[in-house]
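Remarks on the structure that follows.
The values are calculated or read from the model by the stated rules, or taken from the named source; none is laboratory data. Note that this is a predicted model, so its numbers are computed, not measured. Note: ideal-geometry Cβ built from the backbone for every residue, glycine included; neighbour counts use all protein chains shown.
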Amino acid sequence: MELTQVEKAAQLQQAVINCSVEELLKVYEELGDVEMSAPALGLACRFRGLDMVAALFEKGITFDFPSTEEIETKYRCYIGQKYANYRTNYSLYLLKILRGGLKGACSMKGMKFTKNAKRDTGKPLPFLADEERVRVLDYLIQNKEKLMFQPEEMLFYAIYARDTVIYEELKKRGFKLSERRVQTITEGGAATDGYWYEYGAMTGKLPDEDYLEVMQQLAMELDGKPFYYTEKMFDITKMRFRDIGIFDYFLSHFRQDKMNKYKMIRGLIDEDALDALPVIEKAGWLDVPKKRDEMIEYASQNKKTEALAWLLDFKNRTADFAAEQEKAEKKMMRELNASPDSVAELKKIWSYKKQEDGTLMITNYKGKEIEVTVPQKIGKGIVTTIDVNVFRGSYVNFYLTWDQIHQHRKITKITMPGTIQSIGRSAFADMWALEEINIPESVKEIGESAFNGCKALQSILIPGTVQKIDEYTFSECKSLKSITIPGTVEKIGRYAFASCSQLEEVCICEGVREIDKYAFKGCTSLKKLTIPGTVEKIGEWAFGNCSGLKEVHICEGVLEIGECAFKDCSNLEKVEMPESVQRLLTVQTNIDITIEIFHGCPKVTIYCPDGSKAEAYCREKGFRFENSVD
């Protein structure tokens with residue numbers, strides 16, 4: 001019986017562990033094509049050494065492997081889709097990592113970092129000696145382009161693994177962290193950025209005894225730039241602050257302009273990090289009487305007696321009680337005289353900043369209402385922009401407190417003024433209770449994931465001023481029933497309406513030029529669809545898994561239909577295809593399986609002009625068709 005590809009991959013890996021080089025090459029010849037040979041090369045780097053690595057490379061084996069969902073499922077690896085461009089990196093087997101690998105590292109998915117490899121003889125094969133690992137490293141560097149080996153990435157993981165041998169050898173050869181790594185560590189990234197996610201995850205899971213050394217070594221790679229600060233980074237580090245050395249390092253090496261000082265002080269109180277309190281006193285963080293008293297109240301409410309004692313002592317040592325009382329009385333009178341729409345009152349509800357053109361950007365909503373009206377003006381400034389994550393209801397946003405997130409999840413209605421021109425990325429994402437929101441005619445930009453996960457939103461009107469619907473904009477809006485996409489929108493982005501399972505009606509107006517991949521994937525309630533002739537390209541999986549779809553009319557003008565565009569539309573019965581369609585793309589997998597545009601559509605009949613590309617496609621692929629009559 002012929003071996004499966006999974007069995008072939010396993011046998012090749014066993015041959016690396018058990019065989020001589022000559023025996024291995026014979027096994028490889030007998031196996032024939034092995035689609036997943038990268039793990040075997042990685043094991044050779046870990047347990048066998050240069051001769052075995054070179055022999056495999058000479059047979060064409062590299063660290064590359066196919067990027068298909070099938071590969072990811074079969075071999076339990078990453079193929080570069082779940083976390084940006086992250087793929088399982090089998091070259092990392094060279095590193096001195098034990099006990100299951102580096103915690104939080106995305107690119108080690110599916111790899112097993114054992115100290116010894118079990119052999120058929122019963123005698124275990126040990127991890128390579130340092131001298132041999134250096135020889136292997138040199139060989140990988142010499143052939144890095146052909147092997148798909150990235151020394152800069154190896155350097156990053158060597159720092160976290162505390163593998164001083166590999167780290168020092170890479171530094172001797174002049175390697176530094178990649179610009180992408182440096183940019184991520186010093187400038188941050190979106191929640192969907194795999195580099196940013198992994199950096200935070202790996203840093204948070206570092207053992208306490210390794211934290212300082214790893215961060216100091218990373219700092220040497222950043223060309224003097226400070227680490228980017230987020231509240232999430234503080235949250236994953238604060239339990240270490242009982243070590244005053246770690247707190248000192250954190251305070252001096254992370255960007256203080258991004259720090260929420262008072263949240264940090266509360267965190268120090270929570271962790272009983274008393275040695276850190278004199279440091280923040282010296283930095284002047286407790287000089288504002290109101291904030292100082294808030295910290296005293298917080299310590300009292302949470303029964304942090306030692307921190308409370310220190311804070312009370314600080315107050316007694318530094319406070320001018322008469323001046324503070326006078327200031328408090330003046331403030332109370334100002335508030336009594338303030339109108340509800342005054343700048344002072346609005347500042348209690350909204351955070352905002354002035355933009356270069358003098359208009360205002362809303363950066364945070366701090367109120368408690370469940371029906372919210374965004375102000376048109378604050379003072380003399382006109383509000384034109386909703387910033388990223390302003391109303392977001394999930395903790396991938398590092399700038400909101402848990403209380404704000406829970407409040408955002410309760411909001412049912414938002415009214416925006418006619419001055420709003422731009423809605424930022426994830427501005428309203430994961431607002432689970434949001435039922436009603438207007439997009440004013442003034443809006444020109446809607447950022448990616450702006451309404452992602454608004455489960456209760458049933459309808460929304462996209463004005464004719466919007467020029468693009470970005471990635472994930474309305475995905476997972478599971479109550480959305482109908483949508484009209486105006487002709488001003490040139491492109492409907494990836495996953496824009498994916499998994500909108502109640503979406504029954506979609507009107508795509510003339511003017512739309514492209515429907516990107518996965519745009520409507522999983523819209524299971526959609527039954528009928530017309531694609532106007534201005535659409536030149538329908539992307540891969542654009543309407544995949546739309547299991548309720550029965551009829552599709554593709555107008556004259558459409559040029560290309562991507563791979564799996566209507567895959568698994570199991571109830572699709574009728575597709576009208578025009579003369580203009582010139583490209584109908586299919587997927588050829590690495591195991592000789594062809595997946596067609598209408599794969600999994602057993603009921604479909606294609607109506608197409610006589611002699612058209614569509615007719616030729618149907619004849620070649622065996623789909624039912626009838627010639628349409630003009």
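Between Asp313, Asp275, Asp320, the distinction of being farther than 30 Å from Ser178 by Cβ and surrounded by 15 or more Cβ atoms within 10 Å (Cβ to Cβ) belongs to Asp275 only. Restricting attention to region 237-250, the residues that are farther than 14 Å from Asp272 by Cα and buried (at least 16 other Cβ atoms within 10 Å of the Cβ) total 3. Considering only residues in region 363-397 that are of a type in the set (Ser, Thr, Tyr) and in a loop (DSSP other than H, G, I, E, B), the one that is surrounded by the most Cβ atoms within 10 Å (Cβ to Cβ) turns out to be Ser394. Among the residues making up region 197-233, those that are aromatic (Phe, Trp, Tyr) and closer than 17 Å to Gly245 by Cβ are Tyr211, Phe227. If I ask for residues that are surrounded by fewer than 21 Cβ atoms within 10 Å (Cβ to Cβ) and either β-branched (Val, Ile, Thr) or within 26 Å of the chain's Cα centre (by Cα) (or both), which ones from region 472-484 would you list? Hits for region 472-484 are Lys478, Ser479, Thr484. A single member of Lys123, Lys96 is under 18 Å from Ala161 (Cβ atoms), part of a loop (DSSP other than H, G, I, E, B) and assigned by TED's automatic domain parsing to the domain that holds Leu147, and it is Lys96.
A count restricted to region 420-464 and to residues that are within 24 Å of the chain's Cα centre (by Cα), hydroxyl-bearing (Ser, Thr, Tyr) and part of a loop (DSSP other than H, G, I, E, B) stands at 2. The set of residues in region 488-519 being in contact with a strand residue (DSSP E or B) (Cβ under 7 Å, 6 or more places away or on another chain), of a type outside the set (Val, Ile, Thr) and closer than 19 Å to Phe598 by Cα consists of Asp516, Ala519. All but one of (1) modelled with pLDDT of 95 or more; (2) over 24 Å from Cys477 (Cα atoms) hold for Ile593; which doesn't? With respect to (1) modelled with pLDDT of 95 or more; (2) over 24 Å from Cys477 (Cα atoms), Ile593 is out only on (1).
Hey, any hits in region 154-171 for a residue that's over 19 Å from the mean Cα position of the chain (by Cα), assigned to a loop (DSSP other than H, G, I, E, B) and assigned by TED's automatic domain parsing to the domain that holds Phe63? Show your work before the answer.
Here is the first cut: in region 154-171, the ones over 19 Å from the mean Cα position of the chain (by Cα) are 154-171.
Subset that is assigned to a loop (DSSP other than H, G, I, E, B): 162-163.
Right, trim to assigned by TED's automatic domain parsing to the domain that holds Phe63 and you get 162-163.
So far as region 154-171 goes, yes, one or more of its residues are over 19 Å from the mean Cα position of the chain (by Cα), assigned to a loop (DSSP other than H, G, I, E, B) and assigned by TED's automatic domain parsing to the domain that holds Phe63.
Consider Met111 carefully, then state whether it is crowded, with 19+ Cβ neighbours inside 10 Å and touching a residue at least 12 places away in the same chain (Cβ under 8 Å).
Numbers: crowded, with 19+ Cβ neighbours inside 10 Å: yes; touching a residue at least 12 places away in the same chain (Cβ under 8 Å): yes.
When the stated conditions are applied, Met111 passes them.
Of the helices (runs of 4 or more DSSP H) lying entirely inside region 1-48, those containing at least 1 residues that are closer than 17 Å to Lys112 by Cα span 5-18, 38-43.
A search for C-beta distances below 7 Å between a residue of region 229-247 that is aliphatic (A, V, I, L, M) and any residue that is crowded, with 18+ Cβ neighbours inside 10 Å and in a helix (DSSP H, G or I), counting only pairs 6+ apart in sequence or on different chains, returns Met233/Gly200; Ile236/Gly200; Ile236/Thr203; Ile244/Ala276; Ile246/Tyr211; Ile246/Arg240.
Of all residues assigned to region 398-410, at least one qualifies as being buried (at least 21 other Cβ atoms within 10 Å of the Cβ), under 25 Å from the mean Cα position of the chain (by Cα) and either at pLDDT 90 or above or not basic (Lys, Arg) (or both).
Going by the structure shown, is Thr473 part of a loop (DSSP other than H, G, I, E, B), β-branched (Val, Ile, Thr), farther than 20 Å from Arg624 by Cα and modelled with pLDDT under 95? Yes: the conditions hold for Thr473.
Across region 86-128, the number of residues qualifying as in contact with a strand residue (DSSP E or B) (Cβ under 8 Å, 6 or more places away or on another chain) and on the phi > 0 side of the Ramachandran plot comes to 0. Contact map, region 43-61: first residue in the same structural domain as Gln13 (by TED's automatic domain parsing) and more than 14 Å from Glu132 (Cβ to Cβ), second residue surrounded by fewer than 18 Cβ atoms within 10 Å (Cβ to Cβ) and charged (D, E, K, R), Cβ cut-off under 9 Å, separation 6 or more or different chains; pairs are Ala55/Glu22; Phe57/Lys146; Lys59/Glu29. Is it true that some residue in region 426-433 is touching a strand residue (DSSP E or B) at 6+ places or on another chain (Cβ under 8 Å), outside the structural domain of Ile492 (by TED's automatic domain parsing), within 25 Å of Gly493 (Cα to Cα) and surrounded by fewer than 22 Cβ atoms within 10 Å (Cβ to Cβ)? Looking for residues that are touching a strand residue (DSSP E or B) at 6+ places or on another chain (Cβ under 8 Å), outside the structural domain of Ile492 (by TED's automatic domain parsing), within 25 Å of Gly493 (Cα to Cα) and surrounded by fewer than 22 Cβ atoms within 10 Å (Cβ to Cβ), one finds none in region 426-433, hence no.
None of Leu177, Leu212, Leu222, Leu170 is hydrophobic (A, V, I, L, M, F, W, C), under 21 Å from Leu95 (Cα atoms), out of contact with any Cys (no Cβ under 9 Å at 6 or more places or on another chain) and in contact (Cβ under 8 Å) with a residue 40 or more places away in the chain except Leu177. Selection of region 506-538 for residues being assigned to a loop (DSSP other than H, G, I, E, B) and under 17 Å from Pro578 (Cα atoms) yields Glu510, Arg513, Pro532, Gly533, Thr534, Val535, Glu536.
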